[in-house]
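Please read the structure below before turning to the comments.
No value in this document is a laboratory result; all are computed from the given coordinates. Since we're looking at a predicted model, the values are computed, not measured. Here the Cβ is made from the backbone with ideal geometry for all residues, glycine too, and neighbour counts use every protein chain on show.
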Amino acid sequence: MSSTHAENLKLRLMTIELLRTAKTQYTYRELSAKTNLPVTVLSRYAKGHVLPNAARARQLWLVLTRLVGLEPELHRIIQFNEDGYFDNTGIVGDYNILKQAAHHALAAFAGKRVTKVLTPAVDGIPLATMVANALGVDLAVAKRNKEVGVQAFLEETYVLRDSGVTITHYLPKNAIKRRDSVLIVDDMIKTGETQAALVNLIQKAKAEVSGIYSLIAIGDEWKERLKLPKRCPVEVVTKVKPKKK
């Protein structure tokens, strides 16, 4: 079975699962109005009598994710404190959210060449592991310390914005190969500096960046720091406004 065919099959099955979730909150008639598909067709999909083809599954997936998908769930969970910050531990440790996110990433990057997933330690690891599993590729982790036993590393150092703190990410030199197409996955994008460092690590490995996937992004300023190749997709599930200074 080709990787593209396998990805399409996963997407079709995921769409049925999401449709069944939507059916617990909406009637077939309501879903028909929102998807422009007949009630009889939706019923046959939900009951597993037939699978939608790949094109229909993508169309249905886009509609259903706006109704009962990951973004509404993230908005429900994100709670800001009085200083304008929010705690992401309830997100990165929630298996159901991570599973939905992996499905979302597969739908977003299905058909695109991805041979490896790269994430920074530590909060991004659970999400990146699930995404790598969904895509059927290996995971590489950029850490802030060198591990004993690894002979050579790629390194990227930057100064954390408005702090004067220097951060270095280390990636085992053989973790990414020259011909790899690497998807950067992280739970959150704040300033974009961490993701920019990962882009530089991939370029140092002489591999290509296939895209960036994140659950949450703070504002839009981070986009200016990411020097991505043209037509390189950036998929963010939801955006939140930055804390007012």
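To test your reading of the geometry: what angle, between 0 and 90 degrees and rounded to tens, separates the Cα axis of helix 3-23 from the longest principal axis of the chain?
The helix 3-23 is inclined about 60 degrees to the chain.
Full extension from residue 59 to residue 179: what is 0.36 nm times the residue separation minus their Cα-Cα distance, to one decimal in nm?
Between residue 59 and residue 179, full extension yields an extra 40.0 nm.
Of 110, 120, 69, which is farthest on the positive side of the dipole of region 27-162, counting Cα position, with +1 on Lys and Arg Cβ, -1 on Asp and Glu Cβ, and the Cα centre as origin?
110
If you take the charge dipole of the chain about its Cα centre, with +1 on Lys and Arg Cβ and -1 on Asp and Glu Cβ, which of 145, 52, 165 is farthest toward its positive end?
Final value for the positive-end residue is 52.
Among 181, 163, 214, which comes first, second and so on when ranked by fewest other beta-carbon atoms within 10 Å?
Lowest to highest Cβ neighbour count: 163, 181, 214.
What's the magnitude of the charge dipole for region 3-68 around its Cα centre, counting Lys and Arg as +1 and Asp and Glu as -1 at the beta-carbon? Answer in Debye, nearest 20.
The dipole of region 3-68 has a size of about 100 debye.
Taking 25 Å as R0, compute the FRET efficiency from the Cβ-Cβ separation of residue 113 and residue 203 and round it to 0.05.
Approximately 0.90, to the nearest 0.05.
Can you give the FRET efficiency to the nearest 0.05 for residue 161 and residue 76, using r as the Cβ-Cβ distance and R₀ = 41 Å?
0.85
Among the lysines, which fall within straight-line cross-link reach of residue 143, defined as a Cα-Cα distance under 22 Å, with same-chain neighbours fewer than 8 residues apart omitted?
Leaving aside lysines fewer than 8 places away in the same chain, those within reach of residue 143 are 116, 173, 177, 190, 204, 206, 227.
Where in region 1-109 are there GluC sites (Glu not before Pro) that are in a DSSP coil and have at most 10 other Cβ atoms within 10 angstrom of their Cβ?
The qualifying sites are 82.
Suppose every K and R has +1 on its Cβ and every D and E has -1 on its Cβ; what is the size of the dipole of the chain about the Cα centre, in Debye to the nearest 20?
Its charge dipole is roughly 920 debye.
Nearest-5 percent of antiparallel DSSP beta bridges in region 88-240?
Antiparallel bridges make up about 25 percent of those DSSP assigns within region 88-240.
Tell me what the chain gives for mean residue ellipticity at 222 nm when only DSSP H runs of n ≥ 4 count, each as -39,500 (n - 2.57), the sum divided by the residue total, rounded to 500 deg cm²/dmol.
Computed mean residue ellipticity for the chain: -13000 deg cm²/dmol.
At what distance in angstrom do the alpha carbon centres of region 104-122 and region 205-227 lie from each other?
Between the Cα centres of region 104-122 and region 205-227 lies a distance of 12 Å.
Listing 116, 239 from the residue with the fewest other Cβ atoms within 10 Å to the one with the most, what is the order?
239, 116
With label points built 7 Å along Cα→Cβ from the Cα atoms of residue 66 and residue 234, find their separation and express it in nm.
Taking the two extended label points, one gets 2.3 nm.
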